[in-house]
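Have a look at the structure below, then the notes.
What follows draws every value from the coordinates through simple rules; no lab data is involved. Worth saying up front: this structure is predicted, and the values here are computed from it rather than measured. No Cβ is skipped: glycine too gets one built from the backbone with ideal geometry, and neighbour counts run over all protein chains shown.
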Amino acid sequence: MNDQQIRDYVRARTDVDTPPDLLGSILDAVDRAPARRSWLASWAPIGTVAAAMAMAAVALVLLMGPSRDLGGPSPDASTPGPTRTAEPTGTHSSEPPPASAGDLIEPGQSIQIAAVDSVGEWGSIRIERGEDLGGYPDAQIPDGSFVIELWIEYDAERLPDPPTFGASDWALRPTDPNAERFFVVEPQHWDRISGSATRPEDPLPQYPGAIDPLTTSTEGRIAFAVDRRTADLRLELLYWPSGFDEPAETVVVRLPGNPPPPVEVTQE
Amino acid sequence: MLHPGSDFARATTVRTPRSARVSGLVIADEAPASDLVARAKAGEREAFDMLVERYLSETYRLATGIVGRVDARDVTQETFVAAWQEIGRLRKPEAFPAWLRRICVNRSRNWLRRRKSRGPTASLDMDDELADRLPDRRTDFRGAVEARMVLEPLFDQLKPDQRLTVVLHYGMGYSIAETAEASGVRTGTAKSRLNAALKRLRRALEDPHETSHR
């Protein structure tokens with residue numbers, strides 16, 4: 001036997017006729033398949049609870065002060081707590097640095113950063129600042145919180161290694177690591193419940209779990225539910241890819257200032 | 001690149017009573033795939049049905065090559081359901097064939113891993129017709145049967161990534177670049193997987209008893 005016989009064998013494996021009833025079965029299965037929106041909606045009750053727990057955790061951190069648990073990227077995007085705490089590092093700075101041209105302070109501002117992995121740059125990411133919102137008229141947010149929204153677009157030149165990216169890459173925290181109230185907020189669970197009628201854009205997906213990031217656009221909204229008591233802090237967005245001990249990029253997204261007034265839920 | 005005789009290059013002629021619900025099917029079958037994809041992205045179900053019909057044969061062949069005939073139906077079905085659910089995110093309509101191929105490969109890979117965790121199947125592919133489809137069976141029937149008997153158990157033992165690489169390249173006739181794209185790896189990785197698979201198969205061919213020891 002030789003290589004030709006190997007090739008012949010493999011070719012013979014694919015030399016098959018399509019069963020005549022398969023087309024009908026597939027079309028029936030597509031009929032029954034839930035739409036993507038339905039899948040997202042199915043997360044809503046879980047997301048509501050998770051988001052409420054997130055805010056509870058944030059409030060706890062605020063009351064207790066800095067934690068000794070240095071937050072790193074969660075190894076499992078499906079189970080992380082929505083909030084992680086971090087120990088202050090670096091030198092104390094009473095005066096926060098001024099906003100730079102690369103910041104995302106105003107709605108509509110956008111920047112582009114490199115998407116990186118353990119090998120190096122694998123593409124680019126466009127980040128656009130969305131609005132600060134007091135809530136949504138058709139989605140309950142945790143009491144005492146407001147929302148910071150951003151729009152994220154990945155443009156992949158190759159698959160990242162490991163192929164894990166998306167919503168779990170992002171977090172929010174005060175810029176001053178010595179701030180009395182230091183915390184990190186992640187968007188995953190909150191992100192899902194905010195896919196509401198008033199915000200029809202898709203939430204940022206998470207890979208793996210979706211398909212083919214090379215030919216499929218990877219973009220979506222991330223929304224952070226932030227405790228209103230932190231509105232006097234300067235907040236920065238963290239790009240924290242899987243496997244990194246520290247954020248690969250930080251961008252200031254909010255200066256101290258009053259949060260938007262709460263929005264009552266009027267549509268369910 | 002489309003291959004001569006590829007079902008991605010020509011519309012399939014499969015007709016079932018179910019497909020008759022697609023009005024104007026014969027005419028629409030001639031529509032460019034990118035037009036159908038654009039319409040399907042907009043949520044037009046009939047356009048997607050025509051895409052299913054057009055790419056069904058190629059997708060089923062690919063799934064059969066990787067997971068075997070018993071499971072190929074389910075993998076093919078999963079592939080098209082996922083495509084329908086995600087087509088709104090497909091950025092370039094002209095990339096649809098490669099995108100669909102990639103979904104099929106990913107689904108097949110997952111299937112192999114699940115099957116591995118469940119343990120080997122009772123009769124591999126349960127495909128008693130395979131030997132009949134091997135070439136030169138009239139002139140080398142003994143060799144063909146021998147090849148199947150030796151190769152099939154060994155093929156089933158290849159790592160999922162090696163197995164799908166061999167099927168994409170030798171079974172479906174895709175170039176190394178296309179094989180790499182469908183596998184989601186770099187060209188060099190596809191080459192090394194192909195070489196590793198061939199090396200293992202060759203070794204078994206030289207020493208058929210090795211198969212039973214693995």
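Summary table
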quantity: Between region B:45-62 and region A:118-169, the alpha-carbon center distance in angstrom; calculated: 34
quantity: A:ARG228-A:ARG126 pseudo-label distance in nm [points 7 Å out on the Cα-to-Cβ vector]; calculated: 3.5
quantity: Förster-model FRET efficiency, 25 Å R0, B:SER175 and B:ALA196, C-beta, rounded to 0.05; calculated: 0.85
quantity: Karplus-derived 3J(HN,Hα), 6.51/-1.76/1.60, for each residue of region B:171-187, Hz, glycine and proline x; calculated: x, 9, x, 6, 5, 4, 4, 5, 4, 5, 4, 5, 8, x, 10, 6, 4
quantity: Cβ-derived FRET efficiency at R0 30 Å, B:ASP74 paired with B:THR189, nearest 0.05; calculated: 0.60
quantity: Nitroxide proxy distance, nm - points 7 Å out along Cα→Cβ at B:GLU206 and A:ARG7; calculated: 2.0
quantity: Residue exposure sequence - A:THR14, B:THR187, B:THR59 - by fewest surrounding Cβ within 10 Å; calculated: B:THR187, A:THR14, B:THR59
quantity: Cβ-derived FRET efficiency at R0 45 Å, A:ASP138 paired with B:ASN110, nearest 0.05; calculated: 0.80
quantity: Cα centroid separation - region B:148-192 against region A:228-268, whole Å; calculated: 46
quantity: A:PHE244 versus A:GLU264: modelled label distance in nm, points set 7 Å from Cα along the beta carbon direction; calculated: 4.3
